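Below is one structure, written out as structure tokens, with a few remarks after it.
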Amino acid sequence: MFKIPTVLTADEILDKAFKKAAKVDLSSVTKLETVREINIAKLKSSSDTIVSTMGRYVKAFPSIERLSPFYNQLIDVTIGKDQLRKSLGAIDWSRGQVARISKDAVRRVAVARKMGEIDEIRRGAYGRISSVVKQVGKDLKFLANARNIIRKFPTIEPAVPTIVIAGAPNVGKSQLIGRISTAKPRVAVYPFTTQEVSVGTFERRYIRYQVIDTPGLLDRPLNERNPIELRAVLALKYLADVIVFILDPSETCGYRVDEQERILESIRSEFGDIPIILAENKSDVLVTETDRPKISAETGEGVPELVDSILDELKKRSGLEEGPDGHLDLRGLSP
Ligand SMILES: Nc1nc2c(ncn2[C@@H]2O[C@H](COP(=O)(O)OP(=O)(O)OP(=O)(O)O)[C@@H](O)[C@H]2O)c(=O)[nH]1
Ligand SMILES: [Mg+2]
């Protein structure tokens, strides 16, 4: 959803700029005026390439302030807002300097009296341009990496009713999402398989729903959560119209039930106003005595009933009734 061009390294940008400038034809030049014109063209061409390449980066990165709180804070936990701002600022500074150096050199070439002098001015300017671009080499590398991260952000539609699946690691969240939506998340026997928030959709009675897969949460206070867990917290906080909390009473996930219940309690206290639906997964392995809904994401048992109760909850929350055609308008649900 964010279109950001490939971010080149400092050396690649300089290479591109100077190679292009070198193509400015110098064949059979003898006269001072021709040398002057060619060098002015070279200076302008290399400066234009750098200024426009870097300008494209500065423009392409989303303006953090204008993003929705979810993306805004996702950028902060994945990339770091301050560093992103600093790097974009540094690149903007660098392109300003390049433009200034080139303009200054052009002015001096325009009044130079000797061919050697012209060449010297141009080479001096190239040197200074190189050092200014290299000075932001680290920022360009940072942006190249930031671009790769931002490109993989899930595309969340703010107006579509949203179900966020949460729970301890390895309890079967991704397996369930793969079963009920278009998403094809990775499912594996070990914890922390899911590291990013991802989204799938499904349709029921002409209404589209978003289901969001999140990384597993551990039993610990919010301020001790790592950046991966924080992605899950952001999805819960900013995206969920309803939370589905998956428990694994078989404990094959590797976490005790009491630990899983403490995670649930912390979610309840952090996000008290969002409805939470519980489901005990892996009913093919163990069925408990509790009155919580039982499902098996593996065999599909109990899953349609769970989906029904999720949709009922959303319906209750939207305060809207089904129309005569069975069409339910939930578009006003999300902020
Ligand atoms: N027997 C059984 N195994 C299941 C069931 N659901 C998931 N599993 C298994 O549990 C393991 C974890 O499943 P995932 O869907 O990756 O779990 P997750 O909650 O997404 O895990 P993280 O992304 O690491 O937090 C996998 O080996 C699944 O095959 C189930 O209903 N029954
Ligand atoms: Mg997962």
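The values are calculated or read from the model by the stated rules, or taken from the named source; none is laboratory data. Bear in mind the structure is a predicted one, so any value in this text is a computation, not a measurement. Here the Cβ is made from the backbone with ideal geometry for all residues, glycine too, and neighbour counts use every protein chain on show. To get the accessible areas, we keep the full protein, side chains included, count just its heavy atoms, and leave off ligands, DNA and RNA. Shrake-Rupley method; radii C 1.70, N 1.55, O 1.52, S 1.80 Å.
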Among what's in the stretch 168-194 and is over 21 Å from the mean Cα position of the chain (by Cα), near ligand 2 (Cβ under 9 Å from one of its atoms) and small (Gly, Ala, Ser), pick the residue that is surrounded by the most Cβ atoms within 10 Å (Cβ to Cβ). Gly172
Note on the stretch 143-158: residues open to solvent by 50 Å² or more (accessible area, probe 1.4 Å), assigned to a loop (DSSP other than H, G, I, E, B) and away from ligand 2 (no atom under 16 Å from the Cβ) are Thr155, Glu157, Pro158
Among the numbered conditions (1) within 16 Å of ligand 2 (Cβ to nearest atom); (2) not in a loop (DSSP other than H, G, I, E, B), tell me where Phe202 comes up short. (1)
The one condition in (1) closer than 25 Å to Pro304 by Cβ; (2) within 12 Å of ligand 1 (Cβ to nearest atom) that Leu218 fails to fulfil: (1)
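Looking at Glu265, Glu259, Glu251, Glu270, which is the one that is in contact (Cβ under 8 Å) with a residue 60 or more places away in the chain, more than 19 Å from Ile177 (Cβ to Cβ) and assigned by TED's automatic domain parsing to the domain that holds Leu176?
Details: Glu265 fails: in contact (Cβ under 8 Å) with a residue 60 or more places away in the chain; Glu251 fails: in contact (Cβ under 8 Å) with a residue 60 or more places away in the chain; Glu270 fails: in contact (Cβ under 8 Å) with a residue 60 or more places away in the chain.
Matching residue, one of Glu265, Glu259, Glu251, Glu270: Glu259.
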Every residue in the stretch 218-238 that is surrounded by fewer than 24 Cβ atoms within 10 Å (Cβ to Cβ) and of a type outside the set (D, E, K, R), please. Leu218, Pro221, Leu222, Asn223, Asn226, Pro227, Ile228, Leu230, Val233, Leu234, Leu236, Tyr238
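Just need a number here: residues in the stretch 287-310 that are within 14 Å of ligand 1 (Cβ to nearest atom) and either touching a residue at least 40 places away in the same chain (Cβ under 8 Å) or not in a loop (DSSP other than H, G, I, E, B) (or both).
Let us first name the residues in the stretch 287-310 that are within 14 Å of ligand 1 (Cβ to nearest atom), namely 287-288, 293-303, 306.
Now restrict to residues that are either touching a residue at least 40 places away in the same chain (Cβ under 8 Å) or not in a loop (DSSP other than H, G, I, E, B) (or both): 294-295, 297-298, 300, 303, 306.
Residues meeting the conditions: 7.
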Filter the stretch 160-191 down to residues that are more than 7 Å from ligand 1 (Cβ to nearest atom) and assigned to a strand (DSSP E or B), then give me how many there are. 5
